[in-house]
Every structure is written in structure tokens, then in C-alpha cells.
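> One structure follows; several queries about it will come next.
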Amino acid sequence: QNPKTPNSYFINNLQVNAEITNPEQTYPVPAKEPNGKPQTITITSICLGRGAFGQVQFGYDALDHKKVYAVKCLDKDKLSINPKNLSNLTNEITIMSDIRSPYVVALLNAAKTANNFYLAMELCNGGDLENYVKQRGGYL
């Protein structure tokens, strides 16, 4: 984070200010906090990556903009084409919910709406592994 602007973040060398981003949507996520209050994450229009079933967007906690996330937004229609896809997603959520390791991106929350699944994950803003390996001459 940039100390001069507390809500400023650098993602893949792109500066993002959580207070001035243009949110596309906001959705409640079941709380995992001891206080039991629902959490609201604002999903911005900043795309961090794409996949076969959706994309990963930059998101932040609506009440505490210092809490930032990579939110995997998955299209239910695309996933439903093959029933195995939904089973794989369920397995991913179950496994990632149980793993707590500094070497694995943490799944923090999951939610669904009528059209999408959302996985709020730890934001790792150092770029992707492929580029990291390339920068190091092909070696970890």
C-alpha cells in the first residue's frame, strides 16, 4: 500500500484507489467473523484475470476499504453445462476452506446469487506465477 493514500493499492503495477473505483455490484457474503454480522464486498470493474467460467475482479469490504480481495465471479449457466463442473466447484470450496497455509491463496468467503457464484479470496498482488518464473530465468 502507498502510505500517502491509505486506500491506494498496487495490483500488477496498476494503482487502484478503492474509494474512487466504479463498483459494478455489491453482494452480501455469509460472515465468518465471530460477531455474526454479514459482510458486504464491493466488486469493482477492475478485472484481475479470466477463466473458462468467469473472471476474477478486484473487490473490497464496503465498510473497511483496507480489506481487499480477489473475487472469483463464476457464471452459473456456464458451470451448469456439465454437472461435473458444479461438483468440482463444491470440492474446490470445501478443500480451500480447510487449507490454511502461507503457500496457498486463502478462500475467505463464498456466496451465490441467482446467476453467479462468488469466491472471495486473499489478494496476492505480486502478479501471476508464470510471470514470476519468467522473471527469474525460468526457475523458482
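> Among the listed residues 44, 40, identify the single one that is without any contact (Cβ under 8 Å) to a residue 24 or more places away in the chain and of a type outside the set (A, V, I, L, M).
Selected residue: 40, the only one of 44, 40 that is without any contact (Cβ under 8 Å) to a residue 24 or more places away in the chain and of a type outside the set (A, V, I, L, M).
> Pairs under 9 Å by beta carbon, first residue under 20 Å from residue 54 (Cα atoms) and at pLDDT 85 or above in region 112-135, partner open to solvent by 80 Å² or more (accessible area, probe 1.4 Å) and part of a strand (DSSP E or B), six or more apart or different chains?
Taking only residues 6 or more apart or on different chains, the pairs are 118/112.
> Being closer than 24 Å to residue 44 by Cα and either modelled with pLDDT of 90 or more or surrounded by 12 or more Cβ atoms within 10 Å (Cβ to Cβ) (or both): is that true of residue 72 here? If you could, list the steps in order and put the result at the bottom.
Numbers: closer than 24 Å to residue 44 by Cα: yes; either modelled with pLDDT of 90 or more or surrounded by 12 or more Cβ atoms within 10 Å (Cβ to Cβ) (or both): yes.
For residue 72, the condition - closer than 24 Å to residue 44 by Cα and either modelled with pLDDT of 90 or more or surrounded by 12 or more Cβ atoms within 10 Å (Cβ to Cβ) (or both) - is met.
The values are calculated or read from the model by the stated rules, or taken from the named source; none is laboratory data. Computed from a predicted structure; not experimentally measured. Here the Cβ is made from the backbone with ideal geometry for all residues, glycine too, and neighbour counts use every protein chain on show. Areas reflect the complete protein model, heavy atoms only, side chains present, ligands, DNA and RNA absent. Shrake-Rupley method; radii C 1.70, N 1.55, O 1.52, S 1.80 Å.
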